[in-house]
Structures are given as structure tokens and as C-alpha cells.
Amino acid sequence: MLRSLDYSVLQQCMHCGMCLPTCPTYVETKKERNSPRGRISLMRSVADGELEVSKAFSDEMYYCLGCLACQTACPAGVNYAELFETARAEVERAGVGQNNERDFWRWLTLNVLFMHPRLLRFAGWGLRLWQKTGLDVKLRHVKFFGLLPKKLRDLEPQTPKVSPEFSDALIEARETPVVQKYRVGLLTGCIQDLAFSNINRDTADVLLANGCEVITPRAQSCCGSLHAHNGAVELARELARRQIDSFDLDSLDAIITNAGGCGSHLKTYGHLLHDDPFYAVRAKQWDRKVKDIHEWLVQTGIRKPEHGAGVTEVTYHESCHLCHGQKVVSQPRQVLQAIPGLILKELPESNWCCGSAGIYNITQPEQSAKLLDRKVKNIARTGVTVVTTSNPGCHLQLANGLGNTAQVTQPVTLLAKAYREETASL
């Protein structure tokens with residue numbers, strides 16, 4: 001796959017080193033191969049036939065966070081996201097990273113659960129029942145999880161709490177505001193739907209308060225970002241086709257996403273399906289219409305609420321794929337600043353990765369923990385007890401790291417709360 005890639009993409013890197021201080025793995029190890037330009041050199045060697053795809057190559061590509069901070073720093077405009085995804089697809093094609101345990105979990109997650117939304121919800125329902133009955137707490141108390149393999153034992157405390165209701169139960173298929181200015185589709189996601197359906201409800205309420213009719217297809221599929229980032233390109237294409245088929249694009253002004261990582265991938269369907277004779281044109285139309293919720297609100301003009309959200313000070317952690325992938329940087333801050341009485345305190349290294357990075361906290365737990373520790377220390381420096389972010393992975397990672405020391409929420413949730421306070425006071 002690297003050999004069939006447009007070679008000019010590989011040639012863009014000037015090896016200037018501007019990316020080095022922005023790369024979390026290079027900063028950690030100071031090894032050239034752990035840097036963006038080092039990885040691009042390896043990719044180019046594979047494309048030139050000078051290097052075979054090996055287990056070492058696989059390990060390096062999967063040690064990369066894919067945070068895309070290097071893209072922001074790069075003066076040459078290197079499309080690292082395309083290189084990164086192509087390299088991982090090459091690793092999976094070659095099969096150099098395969099082993100029985102890895103193959104099983106990839107099959108269960110990428111091929112089964114995240115390809116079948118109803119099955120994923122069924123698994124979520126089972127997890128919700130498990131948590132509601134308190135079995136997880138009881139078994140943790142008697143140290144039952146100590147019998148599990150170390151990897152599963154370490155991951156168990158990070159299991160997300162499943163929402164009491166999924167998005168379908170919270171959002172009706174069609175909702176119309178009193179004064180309609182726009183008609184938009186709302187993406188509810190997969191992990192977002194299971195763990196943060198309330199944020200989908202908040203997003204719908206904010207859109208309604210800003211004159212948008214909201215169209216929300218039921219039981220939506222995964223967007224495919226997990227698949228694309230982990231080398232399963234064909235599955236990512238299949239999920240892209242499903243998403244496009246879920247909406248009548250001609251009737252909508254925008255497709256709204258409220259998850260930074262998903263949004264970055266959702267805006268690349270045109271490239272993903274560029275040679276598909278049936279979807280190429282529609283995929284380009286899709287790309288033009290996908291908007292992050294904060295991006296859309298600023299573009300159309302946020303209606304400032306008349307009441308506050310019951311919070312006085314917050315800080316903001318930037319989702320890597322929202323700021324580096326989508327270049328949506330000022331808009332979430334503008335949403336927060338639109339709320340009366342709310343003070344935004346800037347977070348040191350706000351755009352430095354928290355270590356979630358899709359499933360990086362599962363595949364690279366040691367490096368992920370170091371990044372989370374760095375993020376938690378920076379949050380403590382702000383002195384605030386409310387942290388906002390805009391991605392489910394970041395949200396879960398920060399909540400696990402902060403524990404009871406601070407609350408994690410999202411800008412759209414605070415804006416929705418302010419609108420509700422406004423309505424309640426009438």
C-alpha cells in the first residue's frame with residue numbers, strides 16, 4: 001500500500017525537525033525513529049523497496065499516537081494522517097503483527113461489535129446491567145479481578161459507565177425549533193451513544209435553541225475512525241457508505257458531529273471513497289457538510305443565553321483530532337465564553353495529547369499513563385475544578401485520571417444547561 005501511495009506525499013517531509021518538540025513519543029524517548037520524520041523515513045524506505053515490512057516496523061507505527069500535532073507544526077504541510085493510516089494498513093496487510101490474542105480482540109471489536117450497532121448496544125445493555133446491579137463493585141471488593149490476565153486486570157477500572165438510556169430514547173427522530181433557520185443531521189456515534197448519550201441530547205438541545213431542525217437517524221453505525229486508524233481500510237469504507245446512506249444530504253444544511261476524533265475522520269470520506277463509482281461524488285458532498293458542533297455554532301452565530309450554567313470557572317483540554325485534525329481551535333472557547341458569568345482559564349499545553357488516542361490507552365498503557373499524568377498535573381496548575389473537553393475518549397481518560405479532584409464535562413453541555421436555566425426562569 002505504501003508503494004502504491006502518491007509518492008509526492010512521502011516526499012513532502014523536509015526533515016526540518018519542527019515536528020520533534022510537538023511529538024509526545026519523541027519527547028519521551030529522544031529517539032529519531034520515534035519521531036514523525038523518523039517514521040516517514042521508514043515509510044519511504046518501504047515504498048522504495050529498501051525495507052521490508054517487519055514486526056519492528058509494525059511496533060513503531062503502533063507506538064505512534066496518531067495525535068497529528070506534527071501536522072500543525074509542519075511548515076511543508078505534510079499529510080501525516082494519510083501516511084500514518086496507510087502505514088498501519090500496510091502492517092495489517094503484511095500480517096507481521098499478528099498473534100492469537102491480538103487477532104481475537106481485533107476480530108471481536110473491529111469486525112463484530114463496531115460493525116453491528118445493535119449488537120454493540122446489546123453489549124452495552126449487558127454492561128449497564130452489570131454496573132447497575134453493583135456486581136463490578138462487589139467483585140472488585142473481593143479482588144476477583146486479580147484472577148484475570150494482567151492486561152484485562154489493568155483495564156477493568158477504566159471501563160466506562162454506560163448511560164441509563166441510549167440516544168434513541170433521549171432524542172426523537174425529528175425535532176423542530178420554534179423558529180427554524182437550518183435543517184441539520186446529528187451524528188450520535190458509537191461510544192458516544194453508549195457512554196455519553198446525554199451529550200447527544202445536549203447537542204440536540206443546543207441546535208434547537210439556535211434555530212436548527214434536528215434529524216437523527218436511529219441506531220447509527222460507527223463512523224469507521226477506529227477501523228481506519230487501525231489498518232482496517234475496507235471496513236472503514238463500508239461504514240462510510242452506511243453513514244452516507246443514513247442521511248438525505250440534499251435536504252440538509254450540515255451534518256453535525258460532537259466528537260473530535262470521529263469528526264476528523266468523518267471529514268475524509270471523500271478521500272476514503274474517491275475511487276468508488278457509486279459514492280465518490282456523494283462522499284465529497286458529505287465532506288463539505290460535516291461540521292463540528294462548535295464550528296457550526298460559531299459559523300452560524302451563537303445565540304448567547306441569558307443565564308449562566310451554574311459554573312464560574314473552567315479550563316479546556318483540546319481533543320487532538322479536533323485541534324490538529326480539524327483545525328477547530330478557537331470555536332470551543334468561543335462557545336464557553338458565550339455563557340454569562342463563566343471564566344475560561346487557559347490550560348498549559350492544552351493541545352498536548354492526554355494519552356487516550358483512540359485505543360492507545362489499551363495498546364500502549366505505559367506511555368498513555370505518562371501522558372495522562374502530565375495532563376493531570378497541568379490541570380491542577382489551573383486551580384479549577386471543572387474541565388471541559390470535546391471527545392468521548394478524552395472525556396473518559398481525563399475522568400479516570402482526575403478521579404474526584406475535578407469534574408469533566410463538555411462545552412456543549414454547559415451551553416445546553418445555560419439554555420435550560422433560561423427556559424426555567426420564564
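The values are calculated or read from the model by the stated rules, or taken from the named source; none is laboratory data. Because the structure is predicted, anything quoted here is derived from the model rather than measured. When we count neighbours, we look across all protein chains shown, and the Cβ atoms used for this are built from the backbone with ideal geometry, even at glycine. When the accessible area is computed, the model is the full protein with side chains, heavy atoms only, and any ligands, DNA or RNA have been set aside. Shrake-Rupley method; radii C 1.70, N 1.55, O 1.52, S 1.80 Å.
Some points to look at:
- Result for the chain in a Gaussian network model with C-alpha springs under 10 Å: among 353, 13, 23, the largest mean-square fluctuation is at 13.
- Close amide H pairs (under 5 Å, H built 1.01 Å from N) link residue 407 with 386, 387, residues at least 5 positions away or on another chain.
- Comparing mean-square fluctuations of 331, 367, 98 from a GNM of the chain with C-alpha springs under 10 Å, the top value falls on 98.
- Hits among lysines - C-alpha to C-alpha of residue 370 under 22 Å, sequence gap 8 or more where chains match: 30, 31, 150, 151
- DSSP-defined beta bridges in the chain - what % are antiparallel, rounded to 5: 10
- Residues of type lysines that residue 267 reaches as a straight line, Cα spacing below 17 Å, ignoring anything fewer than 8 places off in the same chain: 284, 289, 291, 327
- Of all aspartates and glutamates in the structure, the ones whose alpha carbon falls short of 17 Å from that of residue 417, not counting any fewer than 8 places away in one chain, are 202, 205, 306, 313.
- Per residue value of the accessible surface for the range 258-416 (all protein chains in place, 1.4 Å probe), Å²: 40
- Rounded, prolate or oblate (a/c below 1.5 giving rounded, otherwise prolate when a/b exceeds b/c) for the range 8-78 by Cα gyration tensor: oblate
- Global geometry of the range 294-426, whether rounded, prolate or oblate, following the gyration tensor of its Cα atoms and the 1.5 cut on a/c: prolate
- Debye, to nearest 20: dipole size of the chain, +1 on Lys, Arg Cβ, -1 on Asp, Glu Cβ: 800
- Apportionment of accessible area to carbon and sulfur, the chain, percent (1.4 Å): 55
- For the chain, built as a Gaussian network whose Cα springs stay under 10 Å, the top-fluctuating residue of 61, 14, 115: 14
- Spatially, the range 241-271 and the range 104-119 are offset by 21 Å when compared through their Cα centroids.
- Using the Karplus relation 6.51 cos²θ - 1.76 cosθ + 1.60 with θ = phi - 60°, the per-residue 3J(HN,Hα) values for the range 212-226 come to 10, 6, 10, 10, 10, x, 7, 6, 5, 7, 4, 6, x, 5, 4 Hz, with x marking Gly and Pro.
- Hz values of 3J(HN,Hα) by residue in the range 75-90 - Karplus curve (6.51, -1.76, 1.60), Gly and Pro given as x: x, 9, x, 4, 8, 5, 4, 5, 5, 4, 5, 5, 5, 5, 5, 5
- Applying the Karplus relation 6.51 cos²θ - 1.76 cosθ + 1.60 with θ = phi - 60° to the range 46-62 yields 3J(HN,Hα) values of 5, 4, 7, x, 8, 9, 7, 6, 10, 4, 5, 5, 4, 4, 5, 5, 8 Hz, where x marks Gly and Pro.
- Shape of the chain, Cα gyration tensor, a/c cut at 1.5: rounded
- The antiparallel fraction among DSSP beta bridges confined to the range 162-315 stands at about 15%.
- Across the range 235-344, Cα-Cα pairs farther apart than 24 Å form 35% of the total.
- Cβ-placed point charges (K, R +1; D, E -1), dipole of the range 316-422 about Cα centre in debye, nearest 20: 100
- In degrees, nearest ten, helix 197-209 long axis to first principal axis of the chain (Cα): 60
- Amide H contacts of residue 213 (H built 1.01 Å from N, in plane; Pro and chain starts excluded): 181, 182, 183, 184 sit under 5 Å, all sequence-distant by 5 or more or on other chains.
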